[in-house]
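The values are calculated or read from the model by the stated rules, or taken from the named source; none is laboratory data. From a predicted model like this one, the values you see are computed outputs, not experimental measurements. Positions of Cβ are backbone-derived with ideal geometry, glycine not excepted, and every protein chain shown enters the neighbour counts.
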Amino acid sequence: MSWNILNLAPTFRDAGPDGREMLEAAGCTVVETQRVCPLTASDLLTDLSGIAAVVAGADDYSSDVLTAPETSGLKMVQRWGVGYDAVDIDAATAAGIVVGYLPGFLDDTVADYTWALLLSIARRIPWGQDTMRAGDWHVTWGHDVVERTLGIVGCGRIGTAVAERAKGFRMRLLGFDPFPNEAARAAGVEFVSMEQLLEQSDFICLNAAATPENRGLIGEPELRRMKPTAYLINTARGALLDEAAMVKALNEEWISGAALDCFSEEPLPADHPLRTAPNAILCPHMAPYVWGNAREMNRAAAQNILDLLNGRRPEFIVNPEVFDSPQLRVL
């Protein structure tokens, strides 16, 4: 038996042939879209027709998409990455579609990148680069990191990895998470209320998952609670942050600055006011992109699909309850 596999994750293509070669060696046909991702719902439905599994990027797998006649043959949505907020899990499960993801692969990668942004915004490194590129020599003052207070919103695997990297800076670590865990405590995190974290932290890193409950988690009231000398770093999901409030906070200097790697709409529109807000570092969702790790993730995504194809339960699945459903599309 062979499947038609649609790839809508650019990294599955760009980071090397490993995943594609695994699928093709098993007799699968890998289809690459010619469209610019993320796709609109109508384009997504067109491309998913006749497809058994999709390596998914940031496209919106809504209930309307997952239950449409065009996707009646779709057996698996395999996310390239750890987040699955773009997939309606309840609708997928009800339709008998397995949803795969790749947890754990990006913990160190995203934690390293979070620290890169934290240090860059604290010491104003991009501003130094700009002045040198312009042929000038203007010093920009920044803030120390050592022995300051770091607040981590979302203390799962990535948040804990961020905390572990703070040890060398002798920082006080505060954490907010509805489900405090021992690994974060072992890394030195003291769990506090959101209000305490906002009021006491010099740097705040968002590392929470994007759930319906977390949308707009950081809005105007939260930003106003922060110290005027504090910085916000978001390497999680754009939906966690009220971007209109963020623009206001930067323009009116409620906080010292922000380093943002993800946005509610990606790509970020060219005319978005964040692009011209002062004291901000903006990056195009670069946190996951390192060569070696991406190739490992490509192989894991392909293996997840092949396990399902061969009648095995994949290792990394979001909705294991689907295997008990009479609607399961894999027999």
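You will find that of Ile255, Ile305, the residue that is of a type outside the set (Gly, Ala, Ser), buried (at least 16 other Cβ atoms within 10 Å of the Cβ) and outside the structural domain of Asp202 (by TED's automatic domain parsing) is Ile305 and no other. The residue that is surrounded by the most Cβ atoms within 10 Å (Cβ to Cβ), counting only those in segment 55-75 that are part of a helix (DSSP H, G or I) and polar (S, T, N, Q), is Thr71. Scanning segment 286-322 for residues being closer than 30 Å to Trp115 by Cβ, free of Cβ contacts under 8 Å to residues at least 60 places away in the same chain and in contact with a helix residue (DSSP H, G or I) (Cβ under 9 Å, 6 or more places away or on another chain) gives a total of 1. So for segment 60-77 (the condition being touching a helix residue (DSSP H, G or I) at 6+ places or on another chain (Cβ under 8 Å), under 22 Å from Arg299 (Cβ atoms) and of a type in the set (A, V, I, L, M, F, W, C)), does at least one residue qualify? Yes, some residue in segment 60-77 is touching a helix residue (DSSP H, G or I) at 6+ places or on another chain (Cβ under 8 Å), under 22 Å from Arg299 (Cβ atoms) and of a type in the set (A, V, I, L, M, F, W, C).
What are the residues in segment 242-273 that are within 20 Å of Ala116 (Cα to Cα) and among the aliphatic types (A, V, I, L, M), if any? Result: Ile255, Ala258, Ala259, Leu260.
Scan segment 186-197 and give yes if some residue there is assigned by TED's automatic domain parsing to the domain that holds Gly142, hydroxyl-bearing (Ser, Thr, Tyr), in a loop (DSSP other than H, G, I, E, B) and more than 20 Å from Ile121 (Cα to Cα), otherwise no. For segment 186-197, residues assigned by TED's automatic domain parsing to the domain that holds Gly142, hydroxyl-bearing (Ser, Thr, Tyr), in a loop (DSSP other than H, G, I, E, B) and more than 20 Å from Ile121 (Cα to Cα): present. Only residues that are surrounded by fewer than 24 Cβ atoms within 10 Å (Cβ to Cβ) and farther than 20 Å from Met226 by Cα were counted in segment 132-159, giving 12.
Criterion applied to Thr160, Thr229 was being farther than 25 Å from Pro126 by Cβ and in contact (Cβ under 8 Å) with a residue 12 or more places away in the chain, and the one residue passing it is Thr160. Looking across segment 128-167, the residues that are outside any loop (DSSP other than H, G, I, E, B) and either among the β-branched types (Val, Ile, Thr) or not assigned by TED's automatic domain parsing to the domain that holds Ser256 (or both) come down to Thr131, Thr149, Ile152, Val153, Ile158, Thr160, Val162. Residues in segment 293-331 that are in a helix (DSSP H, G or I) and within 18 Å of the chain's Cα centre (by Cα): Asn293, Ala294, Arg295, Glu296, Met297, Asn298, Ala300, Ala301.
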